[in-house]
C-alpha cells in the first residue's frame, strides 16, 4: 500500500503540492497500485482495500495527471474501466461498453457536479450547466434539473441480453468491453424472469447488479457451517464467486438476486424519454428494480435524498456503499455525453466509513519490524464495511489511556481508508469503572527487553513505545525478514511467512544477512521443505543480490525510508557509499523530509550495527547496484511565503486562458515555487481567471482576492 492518508482533503492537498520530481515516482506508483487492486477486486474477488480508498487513490492519480499531462502513462487506469476476465469462462462481448462512474464524497462535490466551472474527477469540462449551455440549452429553461437517486448496490455488475423477450445471454462487466459469459448461472437467479412480460423489444441489454440479500447470505452461511464448510467472508465476494461457477446447480442453490439500473442497447421498441420512466418500463416486463429509487429536483434535492438513504443504510436488507445520481431527462444525457471512463450525466456518491459497536474482548501487544509495540484490540466479531472484524488497531498507549479503554467496554469500530479496522472511541456505560484498567507492558512481550519511548509523538498524538533489541528480538527479526523479501524490497519469491517462521525457530537465521549463508542441506532439513522448493529459494536469493540501490535500501528496513524516499535517495546519490557519507542537510534537501527525520535518518545510517550488517551483506554478494543520478542535489522545493511574488503564494485557476491550458499554467506556477489549490478561500493569494470564469471568480471578488488575467500571471512569473 502506498502512502496515504486517504481522505478527500488529503488527496487534493497532496496532489496540489507534490513537486515534479516526486510526481515522477508517485504517478507510476499509483498506476501500479490501482491496477493491482483492480485485478484483486474484479478478477480474483479478493479486495485488500475498500471502494472509497480505491476511488480516492484514483482521484489523486487524475489530479496529478491533470497537473503533469506529460507524465500520463499509456496504461493508466484512468483510460480503462476494469480488468480482464478470468480464463476459465467464455468471453462475453458488450455491444455498448459498460462504463464506470465518477465519484463524489461531499456535498460540495455534488454541487460542483452541477454548476462548477472546474473539472473534477474527469467528469466534465466544467459543470453540467456549462456543458449544457455550450450544447444550446438555456439553463433557466432546464433548471432545476431532475435527477434520479438510486442506492449503489454492493454486488457484481452484470449485463443481461433478451431477444424477443427471452433471456439468451448474461455477462460480467470485465474490462467494460469484454467480460465473462455467465448465462448458465443467470438463468438460475430466482427473481430474474427467463421471459419478459408484455410487448418485449426485439433485443435489449439490461444492466444491473447481482447480489445476495443479507438474510439469504446469513442463512446460506449457517447452512455451510452446519455442513462443515467454511462460511463466506462477505456477500459481494460470495456473489462474484457464485456466478463464476461452471456448475449452474451451485448458483441455483444459493439465494442470488438481481436488480436493474440501466440498459446498454435496445432494438424494436421506443423507450420513454426519462430514466425513471425507463426503469418503470423494465419493471412492467418483470425485471426487478430497486424500490428506493427517487426522482428529485436540483442538487439540494439530491443531497437530501442521499442523506435519507444513508440513514436507512444499516437497516436495508442488502448492502449498499453509496448512492448513484443520474440526470433524468434522456435528451440532457445525450447532450452531456461521456468522457473516457464515465458518463458526464451521472456520479456515484460514496458514504463515509461505517461505524459499528462491539465489545472489547481483550488487548494484545504486537511488536513490529522497527520495534514499535502496538496495542491491538481483540473484538467480539462484528461486520464492518462488508467484512467480519475480530481485531482492530488501538494506535498507541496514549490513545488507550485517554479513552480509558478496558476489557469488556463497548467500543466504536470503523474500517477506514487504511483497510485495517480502527477502534475510534468508547461508549460510556455504568459498569466501566469496575473493570480493570488497561496497562501498557514495560517489557517486550517477545524478548522481555525493557521498552523505551521514542523522542517524538506519532501521527495519532502519542509516544511510540519500542523494543530496542533490534538484533535479537524474534518478532522484529521475523517481521524484518518478511519485509526484506517483499516485492518493493528484494522480491524473494518463496520466502513467505511459514518459511520465515521455520528459519527463525530453527535458529538458521539470526539476522537478515544469514539468509545468504543458507545452503541446500540446511533448507531441506526444515519440515516440509523439499529439494525443488529449496532450490527455488536459493535461486531467488542469488537473483536478489543484484537488486538496484533503491530496492536494497527499502529492504534494510531503516525507519522512515519507504519506496518513495529510497528512490529519491538513490537517484540523488547514485551509490550506497555516497549516501552513507551524505550529511543530514543534503538528505533533507533531496527528500523534502523535516529536520528531525533527516537527523534520525543520518543517525540510523551511522549505526554501527547497520553498518556491520551492510558490510556482511556485501561480503555475501549483495551488490547494492548503483543507479544513475537523476535528481539535482542543489534543487529546492517551494520556499515559505516571502517578498517573492510567486514563491509560497496560493493560486486558484478558473476559466479558459487565451494561449495555454490551465495544466500548463499550473506547471509554470509550481515551477516558480507557488501552490495551486482547487478552491478559493481567505488563504488564497491570487485567482487567475480566463473566459467563462464562474463561481470561483465570484468568490474571489467577494473575499477581495486579487484577480489576474493570463498576461498579468506571466508578468508575475517573469518577475
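The values are calculated or read from the model by the stated rules, or taken from the named source; none is laboratory data. This structure is a prediction, so every number in the text was calculated from the model and none was measured. Cβ sites come from the backbone with ideal geometry, for glycine too, and all protein chains shown count toward neighbours.
Here are some notes:
- Odd one out for residue 553, checked against (1) surrounded by fewer than 22 Cβ atoms within 10 Å (Cβ to Cβ); (2) touching a residue at least 12 places away in the same chain (Cβ under 8 Å); (3) at negative phi: (1)
- Taking region 252-268 as the range and being farther than 21 Å from residue 97 by Cα and in contact with a strand residue (DSSP E or B) (Cβ under 9 Å, 6 or more places away or on another chain) as the test, the residues that pass are 254, 255, 256, 257.
- Residue within region 575-582 that is farther than 20 Å from residue 616 by Cβ and surrounded by 15 or more Cβ atoms within 10 Å (Cβ to Cβ) present: yes
- Restricting attention to region 205-245, the residues being assigned to a helix (DSSP H, G or I) and under 25 Å from the mean Cα position of the chain (by Cα) number 7.
- Among (1) more than 22 Å from residue 608 (Cβ to Cβ); (2) outside any helix (DSSP H, G or I), the one test that residue 535 misses: (2)
- Considering 165, 179, 198, 171, the condition of being under 27 Å from residue 269 (Cβ atoms) and surrounded by fewer than 18 Cβ atoms within 10 Å (Cβ to Cβ) is satisfied by 198 alone.
- Summed over region 494-508, residues that are outside any helix (DSSP H, G or I) and closer than 17 Å to residue 530 by Cβ total 5.
- Residue in region 364-373 that is in a loop (DSSP other than H, G, I, E, B), loosely packed, with under 15 Cβ neighbours inside 10 Å, within 24 Å of the chain's Cα centre (by Cα) and touching a residue at least 60 places away in the same chain (Cβ under 8 Å) present: no
Let's see how each residue does on (1) surrounded by 20 or more Cβ atoms within 10 Å (Cβ to Cβ); (2) closer than 27 Å to residue 51 by Cα; (3) modelled with pLDDT of 90 or more:
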| residue | (1), (2), (3) |
| --- | --- |
| 224 | no, no, no |
| 227 | no, no, no |
| 248 | no, no, no |
| 264 | no, yes, yes |
| 280 | no, no, yes |
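- Region 44-64, residues that are more than 9 Å from the chain's Cα centre (by Cα) and modelled with pLDDT of 85 or more: 59, 60, 61, 62, 63, 64
- Within region 421-435, one or more residues are in contact (Cβ under 8 Å) with a residue 24 or more places away in the chain and in a helix (DSSP H, G or I).
- Residue under evaluation residue 539, criteria (1) surrounded by fewer than 17 Cβ atoms within 10 Å (Cβ to Cβ); (2) in contact (Cβ under 8 Å) with a residue 12 or more places away in the chain; (3) out of contact with any strand residue (DSSP E or B) (no Cβ under 6 Å at 6 or more places or on another chain); (4) within 30 Å of residue 2 (Cβ to Cβ), criterion not met: (2)
- Matching residues, region 230-248, being out of contact with any helix residue (DSSP H, G or I) (no Cβ under 7 Å at 6 or more places or on another chain), over 26 Å from residue 291 (Cβ atoms) and in contact (Cβ under 8 Å) with a residue 12 or more places away in the chain: 233, 241, 244, 246
- With respect to the conditions (1) modelled with pLDDT of 90 or more; (2) within 19 Å of residue 620 (Cα to Cα); (3) assigned to a loop (DSSP other than H, G, I, E, B), residue 526 falls short on a single one, namely (2).
- Evaluated against (1) buried (at least 18 other Cβ atoms within 10 Å of the Cβ); (2) at pLDDT below 95; (3) over 30 Å from residue 128 (Cα atoms), residue 387 falls short on exactly one condition, (1).
- Residue within region 561-569 that is surrounded by fewer than 15 Cβ atoms within 10 Å (Cβ to Cβ), within 29 Å of the chain's Cα centre (by Cα) and under 20 Å from residue 369 (Cβ atoms) present: yes
- Every listed requirement among (1) surrounded by fewer than 21 Cβ atoms within 10 Å (Cβ to Cβ); (2) under 11 Å from residue 150 (Cα atoms); (3) in contact with a helix residue (DSSP H, G or I) (Cβ under 7 Å, 6 or more places away or on another chain) is met by residue 317 save one, (2).
Per-residue answers, yes or no, for (1) touching a helix residue (DSSP H, G or I) at 6+ places or on another chain (Cβ under 8 Å); (2) modelled with pLDDT of 75 or more:
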{"residue": "630", "(1), (2)": "yes, no"}
{"residue": "644", "(1), (2)": "no, no"}
{"residue": "653", "(1), (2)": "yes, yes"}
{"residue": "659", "(1), (2)": "yes, no"}
{"residue": "664", "(1), (2)": "no, yes"}
{"residue": "678", "(1), (2)": "yes, yes"}
{"residue": "682", "(1), (2)": "yes, yes"}
{"residue": "685", "(1), (2)": "no, yes"}
{"residue": "694", "(1), (2)": "yes, no"}
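- With respect to the conditions (1) part of a loop (DSSP other than H, G, I, E, B); (2) modelled with pLDDT under 90; (3) surrounded by 15 or more Cβ atoms within 10 Å (Cβ to Cβ), residue 125 falls short on a single one, namely (3).
- Residue list for region 605-628, filter: under 18 Å from residue 551 (Cα atoms) and modelled with pLDDT under 90: 627, 628
- Only a single item in (1) in contact with a helix residue (DSSP H, G or I) (Cβ under 6 Å, 6 or more places away or on another chain); (2) exposed (fewer than 15 other Cβ atoms within 10 Å of the Cβ) is not met by residue 271, and it is number (2).
- None of 325, 339, 382 is touching a residue at least 12 places away in the same chain (Cβ under 8 Å), surrounded by fewer than 18 Cβ atoms within 10 Å (Cβ to Cβ) and under 30 Å from residue 115 (Cα atoms) except 339.
- Scope region 284-293; condition surrounded by 15 or more Cβ atoms within 10 Å (Cβ to Cβ) and either under 22 Å from residue 309 (Cβ atoms) or touching a helix residue (DSSP H, G or I) at 6+ places or on another chain (Cβ under 6 Å) (or both); matching residues: 287, 288, 289, 290, 292, 293
- Check on residue 417, exposed (fewer than 14 other Cβ atoms within 10 Å of the Cβ) and either assigned to a loop (DSSP other than H, G, I, E, B) or at pLDDT 95 or above (or both): no
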